[in-house]
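Below you'll find the structure, written out as structure tokens, and then a few comments.
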Amino acid sequence: METARTIQSILQDKSLDQDLQMIAGKVFAGQRISEAEGITLFEKGSLSYLGALANFIREKRHGDRTYFNRNFHIEPTNVCLYTCTFCSYSRLIKQRSDGWEYSLEEIMDIVRAYDGKPVTEVHIVGGVLPQYDVPFYEELFQTIKAHRPDLHVKALTPVEFHYIFKKAKISYEEGMARMQAAGLDSMPGGGAEIFHPEIRDQIAGGKCTGEQWLRIHEIWHELGGRSNATMLYGHIESFAHRVDHLEQLRKLQDKTGGFQTFIPLKFRNKDNQMSHIEESTVIEDLRNYAISRIYLDNFDHIKAYWPMIGRSTAQLSLAFGVNDIDGTIDDTTKIYSMAGSEEQTPALSTEELVNLIRRVGRQPIERDTLYGVIQDYTDHQFAADTQFKGYVSLPVVNK
Ligand code: V47
Ligand code: SF4
């Protein structure tokens with residue numbers, strides 16, 4: 001796609017705001033933008049301007065390549081002792097009698113249900129409860145690995161780790177080393193929310209702090225592990241809080257290089273304590289993807305999590321800096337359907353995911369969790385290849 005011309009036309013636009021002009025020049029030259037410039041982008045950047053810059057970076061790094069994987073989720077429980085105001089799992093919202101609390105055997109039944117299916121990753125995350133402790137997770141990871149050694153275990157977040165290590169009276173260092181020895185392969189990006197205490201204390205009080213979240217990822221990276229990072233946006237935070245969050249991630253990434261993917265998570269407002277807050281618009285969602293792509297110059301990948309934003313916005317996001325749309329999921333996550341996402345039973349076959357990416361002119365690549373290429377589907381013909389209707393141009397960025 002002709003994005004270089006698009007960013008060049010921005011550079012030549014004499015009527016453009018001076019600050020935005022400067023930032024476009026930096027992005028074109030591959031230079032890092034400052035925190036103040038990040039805030040300027042949020043305050044003044046139009047959708048088409050941000051899209052042109054983010055797509056320029058995306059295509060410089062990845063061309064049209066767009067990654068997905070074949071995965072399934074296990075949520076051991078949908079009850080939680082914490083009371084995050086945005087979460088439909090919180091005990092304030094959910095009566096324990098409405099919930100599920102799987103035993104190790106029940107979790108293994110789910111793992112075994114995928115025997116013989118070509119999934120490469122299990123993503124395990126859910127609420128925090130006392131019975132899920134260090135010995136429980138050690139046994140769980142060991143049992144999964146003994147059953148299916150090639151299945152990548154992407155599990156838990158610093159929220160659980162902080163809680164279980166404190167309870168076991170062990171250090172983060174010892175705890176993460178034990179998790180790794182038991183079979184933990186990588187860490188998903190959850191629990192990050194907004195790091196700044198002004199916001200975190202109001203929406204996620206009591207669970208690990210922003211500093212603790214970052215420290216646990218740092219220790220994991222020092223052990224050679226890889227992980228993801230998220231940001232929950234579109235509730236009570238300001239643009240400055242979002243930029244502070246991105247800055248903390250960029251700093252840690254400079255130090256360790258252990259993050260693979262950044263996943264902005266749009267706040268969904270059904271059945272939680274912040275239901276009165278209106279959800280962000282699709283324009284704000286796309287602007288947020290684009291600014292994340294521009295700001296996080298040391299992150300390889302920006303992911304749109306389609307079960308949360310829906311398939312159409314996921315397609316659009318591929319023109320706003322996103323180069324990964326997660327996985328097939330197989331209707332195994334409830335976090336977003338319970339919080340009001342359009343995707344009430346999220347599952348896509350490989351063919352559907354491939355076509356979703358192809359229909360907006362990008363190249364679908366199946367990856368493993370660590371971004372090893374499993375298969376390039378660009379020219380792949382499915383047995384009954386009836387869905388792909390050819391490239392449909394996007395109106396905003398390609399003008
Ligand atoms: O930490 C909870 C978020 C996260 C709501 O690493 C909500 O590949 C919006 O982190 N509205 C967990 N968001 C999920 C997560 C994740 C998902 C997909 C891929 C990866 C990855 C990580 O979900 C929580 C919280 O920030 N969340 N409730 C809600 N109402
Ligand atoms: Fe518990 Fe996580 Fe929900 Fe907070 S976001 S209430 S820690 S499940």
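The values are calculated or read from the model by the stated rules, or taken from the named source; none is laboratory data. Just so you know, these numbers come straight off a predicted model, no measurement behind them. In this analysis, Cβ positions are derived from the backbone assuming ideal geometry, glycine residues included, and neighbour counts consider all displayed protein chains.
Assorted remarks:
- Given (1) within 18 Å of the chain's Cα centre (by Cα); (2) under 30 Å from residue 49 (Cα atoms), number of the condition residue 221 does not satisfy: (2)
Table: residues versus (1) among the polar types (S, T, N, Q); (2) not assigned by TED's automatic domain parsing to the domain that holds residue 363.
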residue	(1), (2)
28	no, yes
40	yes, yes
45	no, yes
48	yes, yes
53	no, yes
68	no, no
83	yes, no
86	no, no
99	no, no
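- Yes/no for residue 270 being surrounded by fewer than 18 Cβ atoms within 10 Å (Cβ to Cβ) and within 16 Å of ligand 2 (Cβ to nearest atom): yes
- Residue in segment 317-332 that is away from ligand 1 (no atom under 16 Å from the Cβ), surrounded by fewer than 19 Cβ atoms within 10 Å (Cβ to Cβ) and at pLDDT below 95 present: no
- Of all residues in segment 182-209, those that are outside any loop (DSSP other than H, G, I, E, B) and away from ligand 1 (no atom under 13 Å from the Cβ) total 5.
- Check on residue 191, within 13 Å of ligand 2 (Cβ to nearest atom), among the small types (Gly, Ala, Ser) and in contact with a helix residue (DSSP H, G or I) (Cβ under 7 Å, 6 or more places away or on another chain): yes
- Looking only at segment 121-142, and only at residues there that are at pLDDT below 95 and under 29 Å from residue 67 (Cα atoms), the one that is nearest to ligand 2 (Cβ to nearest atom): 127
- Selection from segment 144-178 of residues that are aromatic (Phe, Trp, Tyr), within 16 Å of ligand 1 (Cβ to nearest atom) and more than 24 Å from residue 368 (Cβ to Cβ): 163
- Applying the criterion of at least 3 residues that are touching a Cys at 6+ places or on another chain (Cβ under 9 Å) and away from ligand 1 (no atom under 16 Å from the Cβ) to the helices (runs of 4 or more DSSP H) found wholly in segment 20-126 leaves an empty list.
- Evaluation of residue 178 against (1) basic (Lys, Arg); (2) surrounded by fewer than 18 Cβ atoms within 10 Å (Cβ to Cβ); (3) part of a helix (DSSP H, G or I) (one fails), failing number: (2)
- Selection status of residue 186, at pLDDT 95 or above, small (Gly, Ala, Ser) and within 20 Å of residue 139 (Cβ to Cβ): yes
- Counting only helices (runs of 4 or more DSSP H) that fall entirely inside segment 262-331 and contain at least 1 residues that are under 18 Å from residue 87 (Cβ atoms) and out of contact with any Cys (no Cβ under 8 Å at 6 or more places or on another chain), the qualifying elements are 306-309.
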